[in-house]
Structures are given as structure tokens and as C-alpha cells.
């Protein structure tokens, strides 16, 4: 049996409720921008107005303290495709898209620090790279290493409705600084 190698390894969708409209209105009445308020509500999963306000203030403080232009680190998302499955181009594109969307949601649901990293990534062009992995065992090993290094990652397992058997590990997505992610994937080749 495969070890638990991430926050969501079964391929289930990461559920994210839309921002609570009442909380959103209150936060905006406090002078918090709609974007920051929505991000704070997603980060706290609408748990409470107090938690969202605290998160929004933390996001605001971080953005004030660290002018985006002063951040030296470059962020990227990397997707490692299980090449042993011999998926078609369209199937690979769909699986990478699943990984990208669910990894993004996973980062949003984590602490405010991940939201700041996502904002930096978005401001710097949203770099995404697709690499070739040998097989499922290699992707599992890479996910274990990402977990050890505390790098946000997401494993996609296919439903088995088209080209590959059910529960096949198709793609591993990782997000972080180039330096962090390269510790896990630098040895791999572009797909």
C-alpha cells in the first residue's frame, strides 16, 4: 500500500467553498480590499469572520513589509508526468491541468504564507514546467522527498474512464521557489 505522501493523494478534488458573502461584506467595510478579503476567506475556509480578518491583516502586513519587487525568489509549479503510462497528448494536458488547479487550491487553503507565495508567482508570470518521470515509483519517491522538504505538492490519480487503468498515478505537481523545487526535480528532463 502506498504511504500517505501529501495532503491529498487519492485524486479527490480539493473542495473550496466560495467566500461567505456576509463575511466578505464585513471585511470590505473594514477597509480590506475585495481581493485580499476573498483570499483570506478562502485561506481560512470561511471558518469565522475573526479568523478571516486576522488572515487579511497578516496578508496586508506581509504585502506592506515585503514590496513584491523586493522579493528575490522566483516561484514555479512543476508537473512530473508518469511516462510509463504512454498517455496521449490530450490526456497528459488534462492530467497536468488537474494537478495545476488542485495544487493551486491546496496552496490557497494553507496558511497565509502560501497565499503570499502564490501572489508572488502570479506577479512574476506564473512559471509552469512539465517534466518526464519514469514511472509511478519514481513519482512516489519524488512526492516523499517533497513532503520531507515541506514543499506543497499534489498527486493526481486517474478515474480510469479513458486511456489508463483506474487509480493510476498520472502526475505529481509541486509548488515553491525554484531552489526548493529543484531539490526534488532538477535531475528530470522536459517532457
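Assorted remarks:
- Take the conditions (1) under 30 Å from residue 36 (Cβ atoms); (2) at pLDDT 95 or above; (3) within 13 Å of the chain's Cα centre (by Cα); residue 172 misses just one of them, which is (1).
- Only strands (runs of 3 or more DSSP E) whose full extent lies in the range 87-191 are considered here, and the ones with at least 3 residues that are surrounded by fewer than 19 Cβ atoms within 10 Å (Cβ to Cβ) are 128-133.
- Across the range 86-113, the number of residues qualifying as out of contact with any helix residue (DSSP H, G or I) (no Cβ under 9 Å at 6 or more places or on another chain) and at pLDDT below 90 comes to 0.
- Annotation: residue 160 fulfils all but one of (1) more than 15 Å from residue 77 (Cα to Cα); (2) at pLDDT below 95; (3) touching a helix residue (DSSP H, G or I) at 6+ places or on another chain (Cβ under 6 Å); the unmet one is (3).
- Selected residue (only one of 22, 2 is more than 22 Å from residue 128 (Cα to Cα), surrounded by fewer than 16 Cβ atoms within 10 Å (Cβ to Cβ) and at pLDDT 85 or above): 22
The values are calculated or read from the model by the stated rules, or taken from the named source; none is laboratory data. Because the structure is a prediction, the values reported are computed rather than measured. Positions of Cβ are generated from backbone atoms using ideal geometry, with glycine treated the same way; all protein chains shown enter the neighbour counts.
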